Amino acid sequence: MSVLTRAVPLLLVLVLTAFSLGAAEAAPGENAPQAPAAVNFPVGFYVGDEQQPTTSHVAKLGSDIAFPQGRFDGALLGLSGRVPITGKLSIPVTSSYFVAFRFMPATGTVELVPAGDVTGSTQVLTGKDTGCKQTQTNLCADAEVTAKVFVKLSNVEVDGKALDVGPDCRTAQPAEVTLKSLLPLAFPAQPAKTQTTFTTPPFAGCRGHEDLSRLLTGLVSGPGNTLVTDLVLRCVGSTGPNGCGTA
């Protein structure tokens, strides 16, 4: 019998054995390794406090707009490495006062209307004296998040007279506000102060008796606006006395 003749049966046995093992691994009903469940770690923050209300400085007007305390309710989608963070932002409406054309007093109601969820990324750090020295907590998050909000105006008065801007006067596109901060993830925690700059897009839909969109765009829209706020830890995790529940 030649070497080739003897080798063929052996090769066939090896092929059939490999095929059988592969089929056994893929057979239904067998205990296959399971992928780890996705981490959903809830976190909640108050946005603004008495010490530092959420305040936006409108560059063109040279005026500040202060908002009542709001909330961010979200979750970290992982705890190892750089992971996504997502959540919902809610900030109450506020009344503003500014001076138009540098001499004419004006008032109005300002509302920040979310355009979808807040999204971003974060990395969890540990150590009160190391990674979290700035927050003085044993657990913290190096976070960068972006909130997209329409700026809506209503109840506008100029020099004491109503300015009819219609029911849907807002920016044509959402303003993108990106915040970067080291956030505490454990109690007790001090507020995390954060500041950023953003651009207010042009206005659209500001039509009552006439279309005032271009007028408001000229007064308000443009780059160089600032926003400063305190982020105050409200809850962390799903359970416990400081838990957020299920995010």
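Computed from the coordinates by the stated procedures, all read-outs in this text should not be read as laboratory data. Only a predicted model underlies this, so the values are computations on that prediction, with no experimental measurement involved. Here Cβ is always computed from backbone atoms with ideal geometry, including for glycine, and neighbour counts include all displayed protein chains.
Against the test of being small (Gly, Ala, Ser), buried (at least 18 other Cβ atoms within 10 Å of the Cβ) and under 11 Å from the mean Cα position of the chain (by Cα), the options 108, 116, 78, 87 yield a single qualifying residue, 87. Residue-level check: of (1) out of contact with any Leu (no Cβ under 7 Å at 6 or more places or on another chain); (2) part of a strand (DSSP E or B), residue 183 misses just (1).
Does segment 224-234 contain at least one residue that is surrounded by fewer than 13 Cβ atoms within 10 Å (Cβ to Cβ) and farther than 19 Å from residue 41 by Cβ? Yes, that holds for at least one residue.
Annotation note: Cβ proximity below 7 Å between a residue of segment 107-128 that is more than 17 Å from residue 75 (Cα to Cα) and a residue that is polar (S, T, N, Q) and loosely packed, with under 15 Cβ neighbours inside 10 Å (sequence gap 6+ or interchain) occurs for 107/95; 108/155; 109/95; 109/155; 128/136.
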